[in-house]
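The values are calculated or read from the model by the stated rules, or taken from the named source; none is laboratory data. Owing to the predicted nature of the structure, the values given are computational and were not obtained by experimental measurement. Don't worry about glycine lacking a Cβ; one is built from the backbone with ideal geometry, like all the others, and counts go over all protein chains shown. All accessible areas refer to the heavy atoms of the entire protein, side chains included, with ligands and DNA or RNA removed. Shrake-Rupley method; radii C 1.70, N 1.55, O 1.52, S 1.80 Å.
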Amino acid sequence: MFGTGFFTIGVIILVIILIVIINALLNMYRKVPPNRALIVTGFRGKRVVAGGGTIVFPLLEQASELSLEARIIDIKSPEILTRDKVPLAVEAVATVKIGSLQDDIIKASERFLGKTDQEIDKNIKEILEGHTREVIARTSLQQLLHDRESVVAEVNKSAVSDFQKLGLIIDAYTIKDIVDTRVSIKLALSSLIIDVTTPKILTSDKIPVSVSATAAVKFNLDDLEKAGGRFLNRKSDEVIASIREILEGKTREVIAAVTLEKLLHEREEIVKKVEEAIKDDFAKMGLILDTFAIKDIGDPEKAIEFRVAPQIKEQETQARMKQAELEKTAKNYELEQALEIAKRQAETEKEKRVFTAQQDAEAKAQEAKQLAEARKAAAEADAQAAEKEAEANQRKQVAQIEADIKVSEERRKAEAKRAEADMAYHITEKEKQIELQNLETMRKEKELEATVKKPAEAERFKIEQLAEAEKLRQIALAQAEAEKIKLAGQAEAEAIKAKGLAEAEITEAQGMAIAKAMMKKAEAWRLYNNAAIAEIMIERLPEIAEKVSAPLNRVDKVIMIGGSNGAGFSNLTKDIAGTVATVPEVLKNLTGFDILEAIKSIQQSQATTSTATQTTTTAQSQQLQQPQRPNIPPSNPNIK
């Protein structure tokens, strides 16, 4: 009684201790979702768990969480001067996150752990703004406007070293807008129309004049750095005023060096001189003079009118005098040359009309040609403008599509990483459940061990009975195995016996077949006549002659002694032929078959057959020549 009570109390205490241990383990187990990392420091050193769980011992270890989510950083830089001194501001957006490697998470935890998200975003924003300003300051306006990808690549390249130290990664960086803070970009890309007026200038021949002109000026985008420091940080009115002063000064300089006659009649030459005079100064300032045209030449002191009026009056007087003289001459010769004058006037009028018609036709043709060329040029300009607009739209669409593809790819990568993190979290959760199940199984095993001690006594008898039954079963199995072996031996003996009988029958059948073949062969030899035997012998004669003459084949050299005129050589040939001629005699002595006699008998039978055939043929021809006599048999009984 007392022993059983103590045992029950011990079991209960053990169960309570196990529950307390499991509860403590559950409380010490810390887990984090895939988008956060757990940094644990303590007696086991520093370790990082991202998207999983671990056991953290209280008082001995400390755990802190750090977000791994991507951060969207809006960048609005203050006014920056580009490499060519153009003031502007840049608005950009960047996607930044903490790297997935353990070293990156440790570096980020050393700098950002304990800070709020706003503080972390502020630090990242300041770093990116600094690198953006640095890159913009060494970038030209042309590159910034037309090659933003290279600018973005430069920003990424510039910021990567600092971000690696912080354990950060730039997923994406995009320039959203370029802000023209002082309208400098618009000024740099536009063409300035400037009115130039010189109130009073003395020409080289001391005639006071005033000149009004119009100039079109633009900035040299390939050398914008020279103009940036002088003009692009000022207002457009100030820039136009500065350029106007330069143009007016160069215009006065050129007009002061020419005469009034040239100024009035050679304006194109004056324009070329102004362009040539201002070219170097404009190149130093990064400016280009597109066009320069003189609109008007004024006469502020009526000097031009005063100087030209006497010349006009003199020309009018000379004209009136010539007219009076012509009228006088016409009156004197009016009667004499009336017909001639009329005729000439008619011809002249005719030629004039023809010439006028030709001039009108040529003028209309020239006008039509110019109109066609103008229309063609306008059409080509419209086509080029449409083509450039289509190309610009296409580039814009391609850029938009590439940006959409890039955003979709980044979103897909983020979703894939989130799915991987979720999978890792589920796997960790499953491992935790398996661990709890193992602990529960161990508890049940302990409980089973505690509850089966009493029934063990009763179970022992049962086990002994089962062992006895197993023993009897093994004996029965052994007896069955012996009977099986015996039956197998008998079956094998029967198989060997059957095999021997089969081999004997096969041998007997082979012997019978050989005997039958020999009998058939003997019957065939018996039926052979002399002709067949002679044919076999004749077929074998070349082989026999070869064997007979085989010793001669082994003779290397034959020396002939005596005999003239080739007699020795002919004797050798006769000896060889004589040796071969003895072969039939040798066959007769060995086999009793005379091949020569057989050949002669064959020849005689062939001759007899030939004679009979000829006789039959002659009789048939005679019968065909004679008239037919019915019912009279032929005289020769051999004819059928």
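A few points about this structure:
- Listed pairs 125/176; 250/295; 122/406; 516/588; 250/302; 85/235 exceeding 19 Å between Cα atoms: 122/406; 516/588; 250/302
- Once backbone amide H atoms are built at 1.01 Å from N, residue 29 has 56 as its partners under 5 Å, excluding neighbours fewer than 5 places away on the same chain.
- Packing-based order for 44-52, 24-32, using average beta carbon neighbours within 10 Å, highest first: 44-52, 24-32
- Each peptide among 428-439, 82-93, 214-225, 115-126 gets the average number of other Cβ atoms lying within 10 Å of its residues, and from highest to lowest they stand as 82-93, 214-225, 115-126, 428-439.
- Accessible carbon and sulfur surface of the stretch 1-136 relative to its total accessible area, %, 1.4 Å: 61
- Taking amide H atoms as placed 1.01 Å from N in the peptide plane, the amide H of residue 172 lies under 5 Å from those of 95, each 5 or more residues away in sequence or on another chain.
- Each pair of Cα atoms in the stretch 143-286 enters the Kirkwood radius, and Stokes-Einstein at 10 °C and 1.306 mPa s then converts it into a translational diffusion coefficient of 85 µm²/s.
- Karplus-derived 3J(HN,Hα), 6.51/-1.76/1.60, for each residue of the stretch 129-136, Hz, glycine and proline x: 4, x, 5, 5, 4, 4, 6, 4
- 3J(HN,Hα) along the stretch 82-97, derived from phi through the Karplus expression 6.51 cos²θ - 1.76 cosθ + 1.60 where θ = phi - 60°, amounts to 6, 4, 9, 6, 9, x, 7, 10, 10, 10, 9, 9, 10, 10, 10, 8 Hz, with x in place of Gly and Pro.
- Cα pair distances exceeding 22 angstrom across the stretch 8-109, given as percent: 56
- Cβ-placed point charges (K, R +1; D, E -1), dipole of the stretch 232-277 about Cα centre in debye, nearest 20: 140
- For the stretch 123-187, convex hull of alpha carbons as volume per residue, Å³: 90
- Simple Cβ-charge dipole of the stretch 1-145, Lys/Arg +1 and Asp/Glu -1, about Cα centre, in debye nearest 20: 280
- Estimated vicinal HN-Hα couplings, Hz - the stretch 114-124 in sequence order (Karplus 6.51, -1.76, 1.60; Gly, Pro = x): x, 8, 7, 5, 5, 5, 5, 4, 5, 4, 5
- Of the accessible area of the stretch 186-284, computed with a 1.4 Å probe over protein heavy atoms only, carbon and sulfur atoms account for 47 percent.
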